[in-house]
């Protein structure tokens, strides 16, 4: 079922400032992608992975909204997302939607814990 926490996703105001900061901790830029409104940059150090979301336009925290800054989600890597999805649903976990394939080919599904922390099942 669950293999490991694959990555933690955060939203930041300034991508380069964030890359520079995490470089001091030993993180190096890895896979990068873009949407019309944001850049998504993975940073890796050993087996630790951060997924950094940054708006393409410079924004203030007020423009982003306080809820949009900080931790975005925790991704949990699984070997068979459909099996895990069905098992968790049977245990009462409520998902936002069925698993779906991303533009880079991963299959993901989202749900929240009792504290409203967003969790993502991820099959690479």
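Take the conditions at pLDDT 90 or above and out of contact with any helix residue (DSSP H, G or I) (no Cβ under 8 Å at 6 or more places or on another chain) and apply them to residue 97. Does it pass?
yes
For the range 69-81, check the following and say yes or no: at least one residue is at pLDDT below 90 and not in a strand (DSSP E or B).
Within the range 69-81, one or more residues are at pLDDT below 90 and not in a strand (DSSP E or B).
Can you tell me which residue within the range 94-117, out of those that are part of a loop (DSSP other than H, G, I, E, B) and touching a residue at least 24 places away in the same chain (Cβ under 8 Å), is surrounded by the most Cβ atoms within 10 Å (Cβ to Cβ)?
Ranking the qualifying residues of the range 94-117, first place goes to 99.
Could you tell me whether any residue of the range 16-25 is modelled with pLDDT under 95 and either within 20 Å of residue 118 (Cβ to Cβ) or within 15 Å of the chain's Cα centre (by Cα) (or both)?
yes
The values are calculated or read from the model by the stated rules, or taken from the named source; none is laboratory data. Keep in mind it's a predicted model, so treat the numbers as computed, not measured. For neighbour counting, all protein chains shown are included, and Cβ atoms are generated from backbone atoms with ideal geometry for every residue, glycine included.
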